[in-house]
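Worksheet for the structure shown next.
The values are calculated or read from the model by the stated rules, or taken from the named source; none is laboratory data. Because the structure is predicted, anything quoted here is derived from the model rather than measured. Don't worry about glycine lacking a Cβ; one is built from the backbone with ideal geometry, like all the others, and counts go over all protein chains shown. Accessible surface areas use protein heavy atoms only, side chains included; no ligands, DNA or RNA. Shrake-Rupley method; radii C 1.70, N 1.55, O 1.52, S 1.80 Å.
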Amino acid sequence: MLECHLILLGATGDLAMRKIFPALYLAHQSKLLAPIISAVARSKLDNETFQDNLTKKAQEYIPNLDPQSWGLFCQNIRYLSIDLTQPDDFKQLQHRTLPNTLIYFSIAPEFFAMACAHLAQVGLNAPGVKIVLEKPLGSDLQSCKDIYAQISKYYQEDQIYRIDHYLGKQSVQNLLELRAKNPILGALWNKEQVDHVQISVLETLGVENRGGFYDTAGALRDMLQNHMLQMLSLIAVPTLKNPNAQALRDAKLSVLKSLKPLDFQAFVKQVVRAQYGSSDGLKGYTQESNIPAQSQTETFVALKLEVQSSMWAGVPFYLRTGKRMGSSLVQIVLAFKGGGALILNLQPQYTLELNLKGVPPLQAHLDQGMDAYEKLILEAVRGNPALFSHQDELEAAWAWVDPILKAWEQNQVPLFTYPAGSFGPKVAFDLLESEGRSWHTPKDGYV
Ligand code: BG6
């Protein structure tokens, strides 16, 4: 069992309650991790009240919670009320500089620099201390660089673990594994065989109670700049002979740097932005709480891009993501030249489909594996950077996305509307249909 001291900043927040504590509990219950947890937030709560609140949330978010093992897990949690703006408050952490310390920043990025400075004052940036940073890491290239400039005053790159929870999903890791273990797939995985690639991340969820945050972000920043470009880079990297963390990062970075920049003509022709409107009893985006009535934030984006590498040049990659879609689906399609396709449905079911001409589609159900947050926390505790993004990757992704954001800010491109509960605006279908292609529908239909 791995031992660690986990300092969780933002311990009363939604992400902590919904994802991080459940992941820590699962790792503890499966005897993989023995964490001592300092749960840090500003609210002036005593330990007992915090634990009561936490247990209520755990009952909501952890299916079949076992009271006994939950009780054991909670014995090692201590709540500390710390105001991130008050350096003296951090002294409470001074005596908690235990070996293998991991500090999880589940707080808004505007507090990162201040928290780093105050942690450093109590010695919590010593070599060996690791920090885990949640997205969003910036809202454009410049802010991403600014955040890093502040953090890197206190922490070396090898102490920083940037979470993109899609990289923790077994199904996403398998994008490399599948090819590595099956050279036959590697032989199909290139511009000679592939007509085009599709990546869809569709959610039935709306903005829920995150309106305040979401309205400043939108689908391009919230999903495409990170999760989708990370998946794209895992699809587009060549099969690595020696897939260590460094080689993988370099290969992903080279994919991100080879994305063909979009110009004004391309924004209009190749990028669709849209927002959901009310339909069938579902609210429209601008009727959701904390969303201004005039909001121009996109909840859907579809675009076509090209990876200008020797492996993929000329092959279109179509990406789409949206909230309040007709169903939830994470899907990758490699459509082959002359017909047929390899389809990976990553969520909600994890299946691999092979469509060959002349025979019914073949389908295999695969194992989803460990929870993504559990996996990533364990890897960070172990000190394995392979499943985390490097600063260079983030900057390359922002550099590609930035011109789109600028064109949208200047309202040079229309904002379309789609009915809540649909599959996006017609123009997103036209993007493929005008080129004789279409978005793939899962074999069993949308669920
Ligand atoms: C998060 C986004 O990063 O990913 C959310 O901020 C989104 O808006 C979520 O709902 C989707 O993650 P998953 O694992 O449910 O596909």
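Treating each Cα of region 187-278 as one equal point scatterer and applying the Debye formula with no solvent, the log10 of I(q)/I(0) at q = 0.15, 0.24, 0.25 Å⁻¹ comes out as -0.81, -1.36, -1.40.
Could you tell me how far the Cα centroid of region 249-271 sits from the Cα centroid of region 105-137, in Å? Here the answer is 31 Å between Cα centres.
Tell me the carbon and sulfur percent of the accessible area for region 292-404, rounded to whole percent, probe radius 1.4 Å. Walk me through the intermediate numbers first.
Numbers: 2140 of 3900 Å².
With neighbouring chains kept in place, the figure for region 292-404 is 55 percent.
Using the Cβ-Cβ distance between Gln347 and Ala34 with R0 set to 35 Å, the FRET efficiency works out to roughly 0.70.
Over region 142-228, accessible surface divided per residue gives 39 Å², non-protein components excluded, 1.4 Å probe. The distance separating the Cα centre of region 359-414 from that of region 310-347 comes to 15 Å.
Mean silhouette area of region 11-96, derived from the convex hull of its C-alpha atoms and averaged over all directions, reads 5.7 nm². Using a Gaussian network model of the chain in which every pair of alpha carbons under 10 angstrom is joined by a spring, one finds that among Gly71, Gly340, Gly206 the greatest mean-square fluctuation is at Gly71.
Hand me the GluC sites (Glu not before Pro) from region 373-445 located in a DSSP loop with no more than 13 other Cβ atoms within 10 Å, in residue order please. Mind showing how you got there, number by number?
Working: sites: Glu374, Glu379, Glu393, Glu395, Glu409, Glu433, Glu435; in loops: Glu435.
Listed in order of number, the matching sites are Glu435.
Under a Cβ-Cβ cut-off of 11 Å, what is the net charge of the residues other than Tyr148 that fall near it, where Lys and Arg count +1 and Asp and Glu count -1?
Working: positive: Lys145, Lys153, Arg162; negative: Asp146, Glu157, Asp392, Glu395.
Residues near Tyr148 contribute -1 overall.
Based on the Stokes-Einstein relation at 25 °C and a viscosity of 0.890 mPa s, and on the Kirkwood radius from alpha carbon pairs, the chain is assigned a translational diffusion coefficient of 106 µm²/s.
A Gaussian network model of the chain, with springs between Cα atoms under 10 Å, assigns the largest mean-square fluctuation among Asp164, Asp367, Asp222 to Asp367.
Taking trypsin sites (Lys or Arg not before Pro) as exposed when their DSSP state is a loop state and no more than 13 other Cβ atoms lie within 10 Å, the longest site-free interval of the chain runs over 45-152. In this structure, the amide hydrogen of Ile37, modeled 1.01 Å from its nitrogen in the peptide plane, lies closer than 5 angstrom to those of Leu6, Ile77, Arg78, counting only residues at least 5 positions away or on a different chain.
How much net charge surrounds Ala236 when only the other residues with a Cβ under 11 Å from the Cβ of Ala236 are counted, with Lys and Arg +1 and Asp and Glu -1?
For residues surrounding Ala236, the net value is +1.
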